[in-house]
Amino acid sequence: MNGKLRKQIGAIATWVLTFILMVIICVPGLWVVLTAFRPNGEVLAKPPVWIPDNPSLNNFAKIFGFGADQVAIPVPAYFANSLIIALTSTAIALLIGMSGGYAFARYRFRFKNGLFLGLMLSRTVPGIALSLPIFMIWSRIGLIDAKLGLIIVYVALNVPFTIWLIDGFFRQIPKEMSEAAQVDGCTRWQAFWKIEFPLAKSGIASAGIFAFLTSWNEYALASNLTRSTDSKTLPVGLMDFTAQFTIDWAGMSAMAVIIIIPALILTFLVQKHLIAGLTFGGVKG
Amino acid sequence: MTKMTFRKLLAATALTGITATAVVAEEVDYGKFDGYTLRVKLIGGAQYEPLYARIAEWEAMTGATVDVLSRKNHFELDREIKQDIAAGTLDWCVGSNHTSFAPQYGSIYIDLNGVIADATLAEFQSLALENSTVDGRLVQLPRHSDISNLYYIKSLFEDADNQAKFEAEYGYALTPPETWDQVKDQAMFFADAPTFYGTQFVGKDEAITGRFYELLIANGGALFDDDWNPTFNSAAGVEAVNFFKDLYEAQAVPAGSLNYLWDDTGLGFASGTVALNLDWAGWASFFNDPENSKIAGDIGLVRAPKGSAGIRTGWSGSHSFSITETCDNQAAAASFVTFLTSHESQMVEATAGLLPTRAAVWDDAKAQFTADGNNFLVEVFETYAVSMSEDAFTPPLITPWIEVSNEIWPQLQAAILGEKTPQEALDEAADAARIVMEDAGYL
Amino acid sequence: MAEIKLNNVIKRYGKTEVVHGINLDIAHNEFVVLVGPSGCGKSTTLRMIAGLEDISDGTVSIGPGVVNDLPPRKRNISMVFQNYALYPHMSVRENLGFGLKIAKQDEATITARVDEAADILGLDELLERTPAELSGGQRQRVAMGRAIVRHPEAFLFDEPLSNLDAKLRVQMRTEIKKLHQKVKTTVVYVTHDQVEAMTLADRIVVMKDGHIEQVGTPMKVFNHPVNTFVASFIGSPPMNLLPATITGADVVFADGKSLPVPTRLADRVRDGQEVIFGLRPDDLTPVGHGIAESGDSARLTLDVTLSELLGTETILYTSIAGQEAQGKMFGAREVAPGETLEFDVAMDRAHLFDAATGKSVRVD
Amino acid sequence: MATKRPPFWQREQYTPFLLLLPAILTLLFVVLLPLLFSLYTSFTGYRLIRPESLWQWIGFRNYQRIFADGDFWTAFGRTIIFLTIALNLEFLFGLGIALLINKITWGQRTLRTIMMFPMMFSPILVGYQFKFVFNDNIGILNNALQSLGLSDGAIPWLVDKYLANFSIIFAEVWMSTSVFAILLLAGLFAMPRDPLEAAKVDGCNPWQVFRHITLPFLMPFVFIAMTIRSLDVARAYDIVDVMTGGGPAGRTELLWTLIARTGYDNARMGQANAMAYVSILLSIAFTYYFFTKLLAARKYMGGAE
């Protein structure tokens, strides 16, 4: 076999393998998306119907309460809750993360490594182990079924990783930038906001995306801490489709699509930052 | 009082109830609670929601406002209520409840005797009320009941070819089954895995415990003796386990059965790939709806078959409403639950195929189905009316029921999968159940 | 413009002391260069003057007052960093005007001052570019421009040329010198490159291990190093330092070769003293190839092991008593390895250091 | 002349602690405080539906009970195996995907975006999705295999001892591989060309180049990915809970599902918290292990600290 042929075969093999991998990655998700557009009967058809015969927006109409047989699942309220909770907790986590990340990136102090490790380890506590004690404490101070209660939990959930990523990004910015600004007449605070913050912006944005995705998708804690439309989030709302005896697969898929779309849009918009975020923040820090 | 006497009593009261109540339904005075906000936790889900459309009516009548704190399926609601007990956040008045869950909640719910007018209670089927009573306290007002009967695909049984082949193989005629042994034969006969199955069963959680339990009773066994010693590891218990195991091994049920819950079996039957299906009344309309079901118009229904002791399986329970001890306006709460279980309310649910707990609603609903020309639902209601009155029994109304169930079902699975012999599995479950009962103070 | 005074300045990190009590007075408009190998504390000292490091002990004053507890922005200094520290998200114009903007100067003043600085440094064409679009030399110039727009009391330079290639470095060196002549400000300049120090400084401060070794004009430091460290650090190629013993009136090397004790040092040594004989390569030239005849000279015959032709001069590698020594030859001619030449030793420019202390036997 | 000392919050040595204060306070409040509470309850006979049992101190009995419980140790061992297999598979597939995508020049951006697709999914959604995919009767996997003629039976993906564990691992791997792929891809991008070329000149074949040059260079990235992943491995709880709930017959029971059932369904919170503590220690051990590796890796890559 000559070299050229071998190279061509190699290229083709690469493509085929990639294609198979992409199919494995896409098909389960795609099936959910397609199911959102089919009647329930078709979901369970045997043999399976791959492309919906009569794609319709019925499932969406149903969960948004249009049409005759509406299912009273208050998706708009859940959506609003999810959005408010995810955005607020992300914003707070970013502020706290910036402050903490800056401390780790720019200062030398006692217990630094220990503190960093401690922060990281706090993230590893399984949600299921935290859910009841948090519930008991939250209920004493009136944070059950309140958006604030969930926001606080998500902030704590996101802070460690946010600090880690942002720490990495601040380390990318030469210390001299801030020093130059201070010599130029800035206070440390001004130097931070006018010089270091704008430079770390993309990193902070990527940390924000991770925080947002975590909050947006979290289920175990939310299912314990939320009760009603005051605070229920979309993933918890997903359970509304599982009644005592039935699961409305099609409705559930429609809701799944509603959950995924904002995450997907966000990711498409900032995918470059997302990769950069993991890379610089995590690796080079 | 034994179960048999209950049943006789019920049959009597049911009859008198029908004649007495038909007219008075809407003359109940629901009271005035202007400005009061009633906080409630309701079960959610497509079958349960239509009733809640009536809440606005109650609000208009009484001047009160209803604040629905949660609306979840019952397993979720159960977890939430346990959390409320733990955290002392029982700051609500009315909660959805269920026969299987009610005993766990101890004294958080009030005794409705005396709170709900005796005249109102008299309109309910007495068995339903009896099953809602824990330690002599009526802790819940039943909303609708449930029991399973056997659905089957009619055309399979009418097919002459099938009839001939079956008789040749098993020596008796192919007719809708009367005993579980016949179900086993027929299921194996029809099965053609993986495209077609003879029957199916739910395979995990309290669902399979319940199915095992009713077959245990049908085979003449019992979960506990009179002193609450576990006795389900008896010959009747082994026979019950073997029923599931044989079907599973013969591939007469779907291979994934042990991971199935009600939605899987219901949807499976609707997909037209299962011959016989023991299922709840709530599914009837779904099975006969051409939009959701491939077997619409081809469904037969018989009473649940008999076990080896000649008893029919009849695991039953009710969805219900309870009022908390901590409720700040029990009168309003009582008015609310009375309204949601009124004749009119139950008609709303009955027309959707849910089994009423008021005696009169059975007949009125049937009359309406007849008027609508819905012969299938008439048949359904007739069949379920009989089984509700003659076959129904509940799991033991004891606090640790769910815990006991959680000890039993993994062992059932292990036995069905052949990891243990049925006797070993049941013995282990019985030992574990004994510890649970000891911990709970029953032994 | 201001004078800068360092009074017994000490820097500690935790328990480690890295700067051990520096005393230094810098006059108005003086160009002082701190020079030394890396880790000698020169940058730390500069950063303490700038206010970027806490002063652990002692005082720093700029102008009339002690500035120990003033943040950098209140010290009225400006600084050029080794990697320029230009703000990448701002144009050159914004970079230059940033300090003035922070000081809330009005637009007109900012524009005028930026244009003035741009004019001085020839940045007029580059004002609208971002730092990423500039070459190394241009960035360097912007960094300097940023320093001068603010008309500070003093300029601090932290190894500003070390990121440039050799040619550019020479060019920028000249520009800095010119700039200083133009704007006349006190300058503290840190470098590890002794050539920069020699060419730029009014006064050189040689540092080592957190201590000042010698302070003086370039001429003084070059011609009269106080110890072997300064002697070897200043000057390129470095001074040959050869162990020897004073025997009578001679400096005797281990292999028996000897030279007379330089006349001007004769009364500073005693018989039998262990010394280091210091001689710059320029002062070890093959006979006939020196720049100028020395008044007080001696001869040595040495084997050349290697020669490096640099153009007008040639470096000759040889050894004295097993120690490598370098000589210089002016006026090119071929030298074959192994060739034996007779060298002229300029004894009036030779140095003697005490072997035990490393200190020069005579400091003028 | 002496200037006055600034107030303590402006002093350099306190600044980092002040900056970290919000983070520390949040975590104390949301993580440590609840953990202390649950630590206490693990020494009581606390049952969810009996609030008064919170004061019933029983010492180490919960721990004695779970340590003597074979089911607990089985779940414990299975959790470790689950994590080990899942993390290693995620690493291998992530590496494979990264290498493939690194080779492809045309359409790489699109591929990278597709690769991140599963990261958008809520774990509970992933659970439902794969519960459906692996359904023996109506699941698309069995149906696809049957229509392709690869299988003529209904494979009980969620019931069979090996297949059920395979299925939950598959779902977990599907969800989390992209984290590895992204990081390793970044590592490949950062890889200097010179050593690769030097190795080729030195006569290495492609495998040897990979084994001796590429892989060692990527190792720090692997540890970082492992650390990031180990921070939230317990997210797999949602998936397993939905797909199998730990069954059948406890074949897929992990510590987390066991804890949830003991604590909520059986209402034995004290005992559940004792188990939770063991699982927390396990998580911490995993993270700590990778974290120390990570610090070493960072040093190796020339970062600060």
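Residue by residue along B:292-302, Cβ atoms of other protein chains within 10 Å of the local Cβ number 1 on average. For chain C, adding -39500 (n - 2.57) for each run of n ≥ 4 DSSP H residues and dividing by the number of residues yields -7000 deg cm²/dmol at 222 nm.
So if I take the centroid of the Cα atoms in the stretch B:294-320 and the same for the stretch B:160-238, what is the distance between those two points in Å? One Cα centre to the other: 12 Å.
Across q = 0.15, 0.23 Å⁻¹, the stretch A:3-57 modelled as identical point scatterers on its alpha-carbon atoms has Debye log10 I(q)/I(0) values of -0.57, -0.85, in the order of the q list. Could you tell me the relative contact order of chain B? Use alpha-carbon pairs under 8 Å, at least six residues apart, and round to a whole percent. The normalised contact order for chain B reaches 25 percent.
Bridges between two residues of the protein assembly as shown, per DSSP, are antiparallel at a rate of about 75%.
Apply the a/c threshold of 1.5 to the C-alpha gyration tensor of the stretch D:74-132 and tell me whether it is rounded, prolate or oblate. Here the stretch D:74-132 falls in the oblate category. Report note on the peptides D:49-57, B:139-147: ranked by the mean count of other C-beta atoms within 10 Å, highest first, their order is B:139-147, D:49-57. Could you estimate the translational diffusion coefficient of the stretch B:131-218 from the Stokes-Einstein equation, with Rh from the Kirkwood formula over C-alpha pairs, at 25 °C and 0.890 mPa s, in whole µm²/s? Taking Rh from Cα pairs, D becomes 154 µm²/s.
In the stretch C:4-233, one over the average inverse separation of all distinct C-alpha pairs is 18.1 Å, which is the Kirkwood hydrodynamic radius.
Neighbouring Cβ atoms from other chains, within 10 Å of the Cβ of residues in D:247-257, number 6 on average.
Going from the residue with the fewest nearby Cβ atoms within 10 Å to the one with the most, C:GLU339, B:GLU239 rank C:GLU339, B:GLU239.
For chain A, what number results from the quotient of the Cα radius of gyration and 2.2 N^0.38 Å?
Chain A yields a ratio of 1.25.
Could you work out Rg/(2.2 N^0.38 Å) for the stretch B:148-302, with Rg from alpha carbons only?
1.06
Helix-only arithmetic for chain D: the sum of -39500 (n - 2.57) across DSSP H runs with n ≥ 4, divided by the residue total, places the mean residue ellipticity at 222 nm at -20500 deg cm²/dmol. Evaluated at q = 0.07 Å⁻¹, the base-10 log of the normalised Debye intensity for the protein assembly as shown, with identical point scatterers placed on the Cα atoms, takes the values -0.85. Restricting the calculation to Cα atoms, chain B yields a radius of gyration followed by a Dmax of 22.1, 73 Å. Beta bridges from DSSP with both residues in chain B: antiparallel share about 70 percent, rounded to the nearest 5. Across the stretch D:136-266, the volume of the C-alpha convex hull divided among the residues equals 156 Å³ per residue. Here B:THR265, C:THR130 are placed in order of increasing Cβ neighbour count within 10 Å, fewest first, which gives C:THR130, B:THR265. Once the C-beta distance of B:TYR170 and D:LEU32 is scaled by a Förster radius of 51 Å, the resulting FRET efficiency is 0.15 to the nearest 0.05.
Each helix, a run of at least 4 DSSP H residues, gives -39500 (n - 2.57); summed and divided by the residues of chain B, these come to -14500 deg cm²/dmol at 222 nm. The charge dipole of chain B, taken about its Cα centre with unit charges on the Cβ of Lys, Arg, Asp and Glu (plus for the first two, minus for the last two), comes to roughly 220 debye.
Beyond 22 Å between alpha-carbons counts as too far, so tell me which of A:LYS194/C:LYS74; A:LYS62/B:LYS154; C:LYS5/C:LYS208; C:LYS184/C:LYS208 fall in that bin. From the list (A:LYS194/C:LYS74; A:LYS62/B:LYS154; C:LYS5/C:LYS208; C:LYS184/C:LYS208), the Cα-Cα distance tops 22 Å for A:LYS62/B:LYS154; C:LYS184/C:LYS208. What shape does chain D take by its C-alpha gyration tensor, where a ≥ b ≥ c are the square roots of the eigenvalues and a/c under 1.5 counts as rounded, a/b above b/c as prolate, and the rest as oblate? Oblate shape, in that a/c is at least 1.5 and b/c is the bigger or equal ratio.
Sorting the segments B:53-61, A:136-144, B:115-123 by their mean number of nearby beta carbons within 10 angstrom, highest to lowest, gives A:136-144, B:115-123, B:53-61. Ordering A:VAL33, C:VAL345, B:VAL253 from the fewest to the most neighbouring beta carbons within 10 Å gives A:VAL33, C:VAL345, B:VAL253.
Excluding same-chain residues fewer than 8 positions from A:LYS7, which lysines have a Cα within less than 25 Å of its Cα? Cross-link targets: D:LYS103, D:LYS200. Pairs of alpha carbons in the stretch A:92-177 separated by more than 19 Å make up 47% of all such pairs. I need the shape label for the stretch D:1-157. Rule: rounded when a/c is under 1.5, else prolate if a/b > b/c, else oblate, with a, b, c from the alpha carbon gyration tensor. Because a/c hits 1.5 or more and a/b fails to exceed b/c, the stretch D:1-157 counts as oblate.
Remark: mean inter-chain Cβ contacts per residue of A:91-103 equal 4, using a 10 Å Cβ-Cβ cutoff to other protein chain atoms. Taken over the stretch B:271-331, the ratio of Cα radius of gyration to 2.2 N^0.38 Å equals 1.77.
Laboratory data are not the source of any read-out in this text; all were calculated from the coordinates shown. What you see is a predicted model; the values in this text were computed from it and never measured. Reconstructed Cβ throughout: ideal geometry from the backbone, glycine too, with neighbour counts over all protein chains shown.
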